[in-house]
1. In the stretch 37-52, which residue that is among the hydroxyl-bearing types (Ser, Thr, Tyr) and modelled with pLDDT under 95 is farthest from CYS104 (Cα to Cα)?
2. I need every pair where a residue in the stretch 88-111 that is farther than 16 Å from GLU73 by Cα and away from the ligand (no atom under 12 Å from the Cβ) has its Cβ under 9 Å from the Cβ of a residue that is open to solvent by less than 40 Å² (accessible area, probe 1.4 Å) and of a type in the set (Phe, Trp, Tyr), sequence separation at least 6 or different chains.
3. Being touching a Phe, Trp or Tyr at 6+ places or on another chain (Cβ under 6 Å) and within 16 Å of the ligand (Cβ to nearest atom) is the filter here; which residues of the stretch 42-76 pass it?
4. Looking at GLU68, GLU58, GLU78, can you tell me which residue is out of contact with any helix residue (DSSP H, G or I) (no Cβ under 6 Å at 6 or more places or on another chain) and modelled with pLDDT of 95 or more?
5. Looking at the stretch 14-30, which of its residues are farther than 13 Å from PHE41 by Cβ and without any contact (Cβ under 8 Å) to a residue 24 or more places away in the chain?
Amino acid sequence: MKRITTERLTIAEANDLLDVDMEPGFWEALISLISYPELSFEPATQSVAFPSYVPFRELAKEWIEGLETGIYEIRLCEHCATYCDLNRTDGIWAIPDKLEGFICMPCAERMSAREYFEKYLA
Ligand SMILES: [Zn+2]
């Protein structure tokens with residue numbers, strides 16, 4: 001019988017494996033987007049953890065391709081610098097036509113219209 005081990009990849013290793021160069025915060029958002037049982041991002045160690053039977057490379061590859069082709073979208077909030085999954089997070093845009101200048105809803109709700117205008121539109 002094969003023993004199940006937990007694989008743990010650092011962000012550098014995950015980047016190498018997928019041939020990308022993504023920040024830990026982006027990986028965290030991606031892992032939450034993939035939302036695959038037992039695949040998790042560990043903030044304490046800044047690593048991706050999964051049991052050895054989870055096809056992490058294939059999963060991540062598929063989702064990264066989905067991001068590249070626009071099926072999924074992860075955006076960095078310009079205010080709190082959190083990566084947000086746009087399918088699950090609402091937000092507002094400084095330039096809605098171009099989908100530029102994303103602000104996540106929690107930030108948008110905390111900010112006054114004036115503050116928003118002065119920071120992002122003026
Ligand atoms: Zn935010």
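The values are calculated or read from the model by the stated rules, or taken from the named source; none is laboratory data. Keep in mind that what you see is a predicted model, and the values were worked out from it rather than measured. We place every Cβ from the backbone using ideal geometry, glycine too, and count neighbours over all the protein chains shown. What goes into the accessible areas is simple: the full protein's heavy atoms, side chains included, and nothing from ligands, DNA or RNA. Shrake-Rupley method; radii C 1.70, N 1.55, O 1.52, S 1.80 Å.
1. Pass one, the stretch 37-52, residues among the hydroxyl-bearing types (Ser, Thr, Tyr): 40, 45, 47, 52.
When the remaining residues are screened for being modelled with pLDDT under 95, the result is 45, 52.
Values: THR45: 26, SER52: 35 Å.
Looking at residues that are among the hydroxyl-bearing types (Ser, Thr, Tyr) and modelled with pLDDT under 95, I get SER52.
2. Taking only residues 6 or more apart or on different chains, the pairs are ALA94/PHE102; ALA94/TYR116.
3. ILE74, ARG75, LEU76
4. GLU58 is the lone residue from the list that is out of contact with any helix residue (DSSP H, G or I) (no Cβ under 6 Å at 6 or more places or on another chain) and modelled with pLDDT of 95 or more.
5. The answer is ASN15, ASP16, ASP19, ASP21.
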